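One structure is given below, represented as structure tokens, and several questions about it will come after.
Rule-based calculations on the coordinates, nothing more; no lab input. This structure is a prediction, so every number in the text was calculated from the model and none was measured. When we count neighbours, we look across all protein chains shown, and the Cβ atoms used for this are built from the backbone with ideal geometry, even at glycine.
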Amino acid sequence: MSKMVNVTLPKLGESIMNATIVQWFKKVGDTVQLDEALLEVSTDKVNSEIPSPVAGVIKNILASPDQEIAVGDLLAVIEVGGLQMEQGAPLPSSSQPSVEKNTQKEDMRDFFSPGLLKMAREQGIGLDELEKIPATGAGGRVTKKDLEDHVASKRPRPQAAMPCPMSAANSSSLEVERVKMSGMRKAIADNMVRSFYEAPHATLITEVDVTPVLKLVQKHKEEFLAKHNVKLTITSFVARAISAALKEFPLINSSLEQDTIVVKRFVNLGIAVSVDQGIMVPVIKHCHRLSLIEIAKELQELSLKARNNSLAPVDVKEGTITLTNFGMSGVAIGIPIIRYPEVAIIGIGAVQKKVIVLEEDTLAIHSMMNASLTFDHRVLDGMYGCGFLNAFKKHLENDLALT
């Protein structure tokens, strides 16, 4: 005796509520094994493969590539334990269609995902009206695009203006390219919009003298590489300085849950890495416990995984604060957007040679770097942020140990 098992989108992280289908590895009728990859999905953090929760035969696929789905939405239906049709058994004739197939299709037509129902409620569309919308999804299922098209068709169309010969000529001469956003790009956009409009952003900027640390890197980089098989860069010192400063100013390393500030006593530092499709943010877990050598190794390994598109979901989970490096592109400073649900993000700019005034009014050329702190003003005030930046500056300029 067989049974049907619904495959839904699992929760991929504490702040991930939806994902976009990238590709299916299986099609209807294929046999799938337990934990075998069914499909690939994309979020603003990572691409993930969704494994099959059971072994069986895929009876229906209910989400298409480039379709956005919410956690808990139905992805596929798998038949478990069914007897295979005997070889040479007759197929139902065209005049007598399969009752099971028709019934299953009707069941899928009547299924509406939680995300679709929520969208329908927001648009004032009842269940009766929802059932009458022409469906284009797999298995006769109504998709979000079907609902959007239905809503758009109900809106009154504005009266068309008389065309202007000059503007028509100008528009015809323009070369316009329309580029569809990738699943990752759209997920990043959704996350950024949510953070920007939900959290009141404020930014502070300071200037750090990185002359001593750059001289140290230049002096020991070859020895460090030969001994530890990893590059010595200023980013490792920056990560260590952030962890040290967070011990003094722990509110920076928190999240906000309604009216409760959740302070993390561990530092999981996210490192923004630029990739072809957008930005990936792998996380250095328990960065506050790591030596400089261990931080350098984590940075190298995670950056390589990100660029090779081989990050696992565990590599991008549970970040508590993020570092983004504008200096890689030569930009002096930037004001980044906080990554939800974190409450702060640190940006560092390009190192620049500047003439500075030393003690006794002497002049010297030093290597200077801008650092910015963007924070959620609901959680902390400007003076607290100033204290953190000053502590970060102190540690980066003075903590020069290579261990």
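Taking the Cα centre of the stretch 172-289 as the origin, how large is its charge dipole in debye, to the nearest 20, when only Lys and Arg (+1) and Asp and Glu (-1) carry charge on their Cβ atoms?
Roughly 540 debye for the stretch 172-289.
Right, next: First measure r as the distance between the Cβ atoms of Glu148 and Met328, then evaluate 1/(1 + (r/R0)^6) with R0 = 35 Å and state the FRET efficiency to the nearest 0.05.
0.35
Right, another one. At 10 °C and 1.306 mPa s, grab the translational diffusion coefficient of the stretch 273-346 from Stokes-Einstein with a Kirkwood Rh over Cα pairs, rounded to a whole number in µm² per second.
119
Sticking with this structure for a sec: Please list the non-local residues whose amide H lies under 5 Å from the amide H of Ile284, H modeled 1.01 Å from N, same-chain partners needing a gap of 5 or more.
Amide H to amide H, under 5 Å and 5 or more residues apart or across chains, Ile284 pairs with Leu269, Gly270, Ile271.
How many nm is it between the label spots at His220 and Ala364, if each spot is 7 Å from the Cα in line with the beta carbon?
Calculated label separation equals 2.0 nm.
What is the calculated FRET efficiency for Ser274 to Met383, with r their C-beta to C-beta distance and R₀ = 41 Å, to the nearest 0.05? Present the calculation step by step, with values, prior to reporting the outcome.
Working: r = 33 Å, r/R0 = 0.81.
According to the calculation, E is roughly 0.80.
Right, another one. Collect residues whose amide H, placed 1.01 Å from N in the peptide plane, falls under 5 Å from the amide H of Ala202; neighbours closer than 5 in sequence don't count.
Amide H neighbours of Ala202, under 5 Å, 5+ apart: Phe375, His377.
Still on this structure, please answer the following. Under 16 Å Cα to Cα from Lys227, which lysines show up? Leave out anything in the same chain fewer than 8 places away.
Within the straight-line cut-off, Lys227 pairs with Lys219, Lys297.
For Glu129 and Thr203 in one chain, what is 0.36 nm times their gap in residues minus the Cα-Cα distance, to one decimal in nm?
Stretched out fully, the Glu129 to Thr203 stretch lengthens by 21.9 nm.
Turning to a different aspect of this structure: Report the equivalent ellipsoid semi-axes for the stretch 200-314 in whole Å, largest first, defined as the square roots of five times the eigenvalues of the gyration tensor built from alpha carbon atoms.
Ellipsoid half-lengths, sorted descending, are 26, 20, 14 Å.
Still on this model: Would you list, by chain and number, the lysines whose Cα falls below 18 Å from the Cα of Lys180, excluding same-chain residues fewer than 8 positions away?
Qualifying lysines at Cα under 18 Å: Lys144, Lys145.
For each pair in Lys221/Lys353; Lys221/Lys285; Lys3/Lys186; Lys11/Lys221, compute the distance between the two Cα atoms and list the pairs where it is over 31 Å.
Working: Lys221/Lys353 21 Å; Lys221/Lys285 25 Å; Lys3/Lys186 36 Å; Lys11/Lys221 42 Å.
Where the Cα-Cα span goes over 31 Å, the pairs concerned are Lys3/Lys186; Lys11/Lys221.
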